[in-house]
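Written below as C-alpha cells is the structure these notes are about.
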Amino acid sequence: MAQHLQVRNLQASIGDKPILSGLDLDIRTGEIHALMGPNGSGKSTLANVLMGHPSYQVTGGSVTLDGEDYLALRTSERALKGLFLAFQYPVEIAGVTVGKFLKRVIELRGTGTGKSASGGDKSASGGGMNVTAYIKRLREAMDFMEMDQAFINRSLNQGFSGGEKKRMEVLQMLMLSPSLAILDETDSGLDIDALKVVSKGVNRLRGPDFGALIITHYQRILTQIVPDYVHIMYKGRIVTSGGKELVETLETRGYDWIKQQYGIEEEANEGAVARR
Amino acid sequence: MMPSAVEPPWMRNLRSRARERFEGMKWPTTSEEEWRRTDVSRLGLDSYAPVAALTPACPREIDPGEGAGHIRFQANKCIEAGLDAQLQEAGVRLLPLDNALEEFEAPLHTLYERALEDADNRFLAWHYASLSHGALLWVPPGLEIKEPIFIDFEEDGRGTMSAPHVAVLLGAGSRASVIQRITARKGAPGGMLCNAVVDVRLADAAGLQLWEQQELAPADLYVRHVRAEVGRDSSLRHFDAEFGARWAKTRVDCFLDGPGAEAFLNGAYFCGAGQHMDLRTVQRHRSPKATSRAVYKGAVAGGGRTIFQGLIDVAAGASGTDAYLTNRNLILGEGARSDSIPTLIIGNNDVKCSHGSTTGRLNAEELFYLESRGLSEADAREMLIVGYFEDILTPAPVMFKDGALAAIKGRLRAAA
C-alpha cells in the first residue's frame, strides 16, 4: 500500500536545546531518500523524533502519514503503521533471544510472514502465526544477511560486534518488511564487505511498497544504494535537495560548501531577527 | 499444642524442648542486625494459634505423573502421595513425615537436634515445637533420580500458624531434584502465618537441586528457614522464588562441611505494592576448598519493600574457599524500596571471596527500542523484566521455570 509521510516545518528540541528548526520533507513508498549533513545538523534527531523518542519534544510543525496526524501516535503504533528505524546504536537486551523477539514482533503484525504490516487482515492476529514458516523465513533471511544461525538463540545484540548489530538491524527490517524505513548511520563503522551486505538487504526490499530515508555522513553507501532524492541538512533543517548528482557535488566540494552557502545566510537572518 | 500420641518419644521430647526454647525467647527486635529492617512488633504474632501437630496421614496413593514422585498437602494434611515403583523398590522414600519418624529416627533425630541447637530465633523454635505437616525424601547411596520430585503445600488458614516441614536426606553419591511449592489453597481467604522449615543433609558426593516457589495469599505472613548440610564433594543448588504473602522473611543457611563441597544459592523475587520481603542467604564455609555462589535477583513495584542480606562466613580453617555473593534489584515504580546488604566475615587469608550488588530501573533506551518494533509500553516492560530474570532461571527444570515466569508476569500485570 502506498504511503506518504509528510513533514512540515518540524521543530524539536532536547531539553532546552532546539535542534530541528523548521524541517520539510516528503517520503513516499517507492522512493529512496538520502539525508546527509555535517555532525550536529540534527539528522539523528529527525530519526528519533519520527520514531517518537521520549527525550525529544516536538515544539512546532506537523508530521502526517497519508494525511493523518502521525505525531499523536505512540511509538509502537507508528511501528505497526509500517515505520521502521534501524538504530545508529542498537541497544543490548539481556535475556531476550533473537528468535523469541522476532517471533513476538512479527506476531504483533498479525501475520506469519511479516507482510501487510498495516490495515488489512487482522483475523490472523494472536496465536495464528505459522511457526514453521516463520523459522524458515528467518533462516533464509539470516543466510541472505550472511549471519550465523547460532544468533537465533543469543540475547538480542548482547556481545555482538558493531557490524553484527547493524546486520541484525537490517535482518529485523527484512523480517518486518516495513513500508517506510529510516536507517540512521547504518553504514558507520562498517567495513566494505559488511557495507555490501547491509546494502543488499535494503536493495532487496526496494520496490513500490517500500520507502527509505538513509541517513549518512559518507557517500560510499550511496554507491551501493542509489538514492532517488538527496537532501542536505544543516542547522536543523533541509537546506537543499536534489537528485543523486548532489552526492557528487558534495563529494567534490565538501560540507564547507554547504556551510558557506547556507550558514552565512542563516547567521545573517538571525542577525536580522535580532535587530528587529 | 500437645504433641500427637502417635509420635515416637524422641520427637515428643524434641518438641517439648523446642517449646521451652520458644518460651525462653522473645520475638526478634530491630536491634538485632538480621531483623533491623524487618519489624515484627506490629504483626500481632502472639495472636496466631498453631494448628494441630502431626496427625496420622493416610494419603491417597497416586501415580507420580510427570515427576519421579509427588506428595501433596492441603490445609495441613497429606492428601496424596506417589512414587515411581522402581524407585520405591530401590529404597527411595517419599513419605508424610509422621510415617517417617520411626524408620528414620537416627538421621532425623541427629539433624533436628543440630537444627534446634542452631535455632537463633523464636520462629525456628516455634516451628519444631508445633511442626504440623511435612514430608521426608530419602535417596539411598549411589542412586540417581532424573525426574523431579514434587512437594506441594496448599496452605489454608486464618489467624492460625502452620508449620510445614521438609526433610531431604541424600545418601552418598546419590542425586535428586525437588520442586517444592508453597501456595495458598485455591479460594483460601488468607490471613495465616506459614512458618516453614526445610532441613537438608547431603552425604559425600551427593547432589541435590531444590527448587522452591512461594505463592501464598496476599494477607498471609511467611517465614521460612532452609538449613542445609553439604558434605564432602557434594553439591547443593537451591532456588528461592518468592512472590506471595504480605510479609516474608526467609533464610537459607548453607553449611559447607567438606572439601570439594559446592553450593549455588539463587533466588528470584517479585515484590508488589504493600509487600515486605526480607531474604537472607548464609554461605558458611567450615571446611577448606569449598565453593559457593549466591545470586539473587528481584523486582520491586511501587510501594514494595525488599531487603536482601547475604553473608559469607569463612571459618579459620577454611583455606582455599571460593565464594561469591551478589544481589540485583530492579525498581519498577515510585515508592519502591530495596536494600541490599552483603557481608563478609573472613577468618582465613587463603580465600577468594567477593560480593556485589546493583539497584537500577528499566533502561529507557531499551524500552524505546522494543516499542519501536511495535511492542506496547506494557509489553516492552514485561519483555525486559522477564529477560532480566531469564538467566537465573535457565538451569531450572522447564516446569519450574515456566511456573516462576508465569508468576512474575501475573504479578507484573497485577501491579500495572
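The values are calculated or read from the model by the stated rules, or taken from the named source; none is laboratory data. It should be emphasised that the depicted structure is a prediction, and the values quoted were computed from it without experimental measurement. We place every Cβ from the backbone using ideal geometry, glycine too, and count neighbours over all the protein chains shown.
Here are a few things to note about the model shown:
- Count of the range A:167-197 residues, restricted to those that are at pLDDT 95 or above and basic (Lys, Arg), is 1.
- Any hit, the range B:199-207, residues being crowded, with 23+ Cβ neighbours inside 10 Å, among the aliphatic types (A, V, I, L, M) and part of a loop (DSSP other than H, G, I, E, B): yes
- Members of the range A:213-244 found to be out of contact with any helix residue (DSSP H, G or I) (no Cβ under 8 Å at 6 or more places or on another chain), β-branched (Val, Ile, Thr) and surrounded by fewer than 19 Cβ atoms within 10 Å (Cβ to Cβ), listed by number: A:Thr223, A:Val226
- Residue under evaluation B:Leu405, criteria (1) surrounded by 19 or more Cβ atoms within 10 Å (Cβ to Cβ); (2) touching a helix residue (DSSP H, G or I) at 6+ places or on another chain (Cβ under 7 Å), criterion not met: (1)
- Residue list for the range B:110-158, filter: in contact with a Cys (Cβ under 9 Å, 6 or more places away or on another chain), under 18 Å from B:Trp10 (Cα atoms) and not small (Gly, Ala, Ser): B:His133
- Here B:Arg411 fulfils each of the conditions (1) assigned to a helix (DSSP H, G or I); (2) at pLDDT below 95; (3) surrounded by fewer than 21 Cβ atoms within 10 Å (Cβ to Cβ); (4) more than 14 Å from every other protein chain (Cβ to nearest Cβ) apart from (3).
- Strands (runs of 3 or more DSSP E) wholly inside the range A:13-101 that include at least 3 residues being within 14 Å of chain B (Cβ to nearest Cβ), under 22 Å from A:Tyr218 (Cα atoms) and touching a residue at least 40 places away in the same chain (Cβ under 8 Å): A:83-86
- The one condition in (1) more than 30 Å from B:Leu311 (Cβ to Cβ); (2) out of contact with any strand residue (DSSP E or B) (no Cβ under 9 Å at 6 or more places or on another chain); (3) small (Gly, Ala, Ser) that B:Ser41 fails to fulfil: (1)
- Residues in the range B:226-260 that are of a type in the set (Gly, Ala, Ser), crowded, with 22+ Cβ neighbours inside 10 Å and closer than 24 Å to B:Lys297 by Cβ: B:Ala228, B:Ala241, B:Gly244, B:Ala245, B:Ala248.
- Hits in the range B:172-198 - residues which are hydrophobic (A, V, I, L, M, F, W, C) and part of a loop (DSSP other than H, G, I, E, B): B:Ala172, B:Ala188, B:Met192
- Residue tally, condition facing chain A (nearest Cβ under 10 Å), more than 13 Å from A:Ala94 (Cβ to Cβ) and not hydrophobic (A, V, I, L, M, F, W, C), over the range B:366-389: 7
A quick yes/no check of all residues on (1) within 14 Å of another protein chain (Cβ to nearest Cβ); (2) touching a strand residue (DSSP E or B) at 6+ places or on another chain (Cβ under 6 Å); (3) more than 26 Å from A:Arg74 (Cβ to Cβ); (4) among the small types (Gly, Ala, Ser):
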| position | (1), (2), (3), (4) |
| --- | --- |
| B:Ala290 | no, yes, yes, yes |
| B:Ala301 | no, no, no, yes |
| B:Gln309 | no, yes, yes, no |
| B:Gly320 | no, no, yes, yes |
| B:Thr326 | no, yes, yes, no |
| B:Ser340 | no, yes, yes, yes |
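- Of the residues contained in the range B:350-357, none is found to be out of contact with any strand residue (DSSP E or B) (no Cβ under 6 Å at 6 or more places or on another chain), within 14 Å of chain A (Cβ to nearest Cβ) and free of Cβ contacts under 8 Å to residues at least 40 places away in the same chain.
- For B:Ala268: the one exception among (1) farther than 21 Å from B:Ala406 by Cα; (2) within 14 Å of chain A (Cβ to nearest Cβ): (1)
- Some residue of the range B:55-75 being under 23 Å from B:Asp118 (Cα atoms) and among the small types (Gly, Ala, Ser): no
- Residue in the range B:82-99 that is in contact with a Cys (Cβ under 9 Å, 6 or more places away or on another chain), surrounded by fewer than 19 Cβ atoms within 10 Å (Cβ to Cβ) and not polar (S, T, N, Q) present: no
- Residue in the range A:124-174 that is farthest from B:Arg373 (Cα to Cα), counting only those that are within 13 Å of chain B (Cβ to nearest Cβ) and part of a helix (DSSP H, G or I): A:Asn153
- Residues of the range B:390-402 that turn out to be surrounded by fewer than 16 Cβ atoms within 10 Å (Cβ to Cβ) and either among the small types (Gly, Ala, Ser) or within 12 Å of chain A (Cβ to nearest Cβ) (or both), as a count: 2
- Applying the criterion of at least 1 residues that are touching a Gly at 6+ places or on another chain (Cβ under 9 Å), closer than 20 Å to B:Leu124 by Cβ and outside the structural domain of B:Arg232 (by TED's automatic domain parsing) to the strands (runs of 3 or more DSSP E) found wholly in the range B:245-306 leaves B:262-271, B:276-285.
- Being in contact with a helix residue (DSSP H, G or I) (Cβ under 7 Å, 6 or more places away or on another chain), touching a residue at least 12 places away in the same chain (Cβ under 8 Å), of a type in the set (D, E, K, R) and over 30 Å from B:Phe150 (Cα atoms) is a property that does not hold for B:Glu334.
- Considering the range A:108-119, and only residues there that are more than 8 Å from chain B (Cβ to nearest Cβ) and crowded, with 19+ Cβ neighbours inside 10 Å, the residue that is modelled with the highest pLDDT turns out to be A:Gly110.
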